[in-house]
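Student: The structure's right below; bear with me while I get my questions together.
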Amino acid sequence: MTRILGGSDLAAAIRNDASVAAAALTEIGIRPKLAVVLATADESTAWYVRSIAGAARRTGIECDIVDFGPEATTEEIHAVLVELGHDPDVHGIILQTPLPDGTDLDLLREAINPGKDIDGTNPVSLGRLIAHLPAFAPATAQAVLALLDHHGIDLRGKTATVVGRSTVVGTPVAHLLVQRDATVTVCHRHTADLVAGTRSADIVVVAVGIPRLITAEHISDGAVVIDVGTTATDDGLLLGDVDADSVDGRAGALTPVPGGVGPVTTALLLNHTVDAASTQSAVRRAASLVGLQSSR
Ligand code: NAD
């Protein structure tokens, strides 16, 4: 029997913590604020952004959506990211993908103020994460680790295979697993034998975006399988990368799609925004104290 590792309870607990911290900050005059920048006609992306904004507001976090539409240029988006980076009332920034064809995503990622980079998008955040320095991890990658911890899955000394090597999910997940003393293999589109890569692992994390790529043949008996994939279908379904029917009975545990990694990711984005607000206000207070002392 495969155990289902749901994310809803954990997400609710993280949101509750964020809401308590947001209320405490608001009490002292700091209203946490998130800005989400998007530029797409894709309705499922717009729906996802609206759901983040709704969750933020319910948590006591203000949320501005800066929607450029699908014709936006790199220059326009860049200018707004820089402006938000300097705005003392904005504490967290999300640059939502996909962006219009031809936009320079690398340049835009680097324009996000690292102190407000609550989804670990700026390469500076990823570099700091890998170097064990304080930084916001990409929320999805952190959600994978949070779910494993929440469900009591020990990582030390375990073998883990991550399928997918994007800078937003696969690569940071692999590094976070290594930091937790797992022995990690990374597979990707050029991996010659995916079954060999996954079949030996105690833990398999799949972040590809191909529905039902992973079946029973990829999984060893009792393995823990974390399905990050989300592919929206025309009839409104959300499909994971794992064929849940196929791995049922072979996998020891599996995260559902929807209801697994997704809600934890959203909750962590809110939690990061409140953390960022708290850090930025402490830095400002310290700076004003130094200013007071030096003017004496
Ligand atoms: P991406 O397209 O940037 O990366 C996909 C990765 O999969 C690449 O590294 C590629 O090498 C690898 N890949 C492609 N085909 C493969 C194959 N046949 N075998 C093995 N590897 C293969 O995607 P991404 O941004 O990392 O997202 C991956 C999935 O996770 C998507 O479905 C996305 O929607 C989902 N996602 C979910 C959340 C969440 O909160 N649940 C957040 C972010 C992304």
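Derivation of every value follows stated rules applied to the coordinates shown; laboratory data play no part. Since the structure is predicted, the reported quantities are computational estimates derived from the model, not experimental observations.
Student: Helix 74-86 versus the longest principal axis of the chain: what is the Cα-based angle in degrees, 0 to 90, to the nearest 10?
Tutor: On a 0 to 90 degree scale, this one is about 60.
Student: To the nearest 10 degrees, how steep is helix 261-294 against the longest Cα principal axis of the chain, on a 0 to 90 scale?
Tutor: 30 degrees
Student: What's the extension gain from ASP67 to LEU238 if we count 0.36 nm per residue and subtract their Cα-Cα distance?
Tutor: Extending this stretch completely gives an extra 59.2 nm.
Student: To the nearest whole percent, what portion of all C-alpha pairs in segment 206-269 is separated by more than 18 angstrom?
Tutor: 33 percent
Student: In square nanometres, what is one fourth of the surface area of the convex hull spanned by the alpha carbons of segment 47-169?
Tutor: Averaged projected area of segment 47-169's Cα convex hull equals 9.4 nm².
Student: A further question follows. What number, in nm² with one decimal, is the all-direction average of the projected area of the convex hull of the alpha-carbon atoms of segment 139-261?
Tutor: Averaged projected area of segment 139-261's Cα convex hull equals 7.1 nm².
Student: Please state, rounded to one decimal and in Å, the Kirkwood hydrodynamic radius that the chain gives when every pair of distinct Cα atoms enters the mean of 1/r.
Tutor: Result for the chain, one decimal place: 20.0 Å.
Student: Over the chain, what is the percentage of antiparallel beta bridges among all DSSP beta bridges, to the nearest 5?
Tutor: Close to 5 percent.
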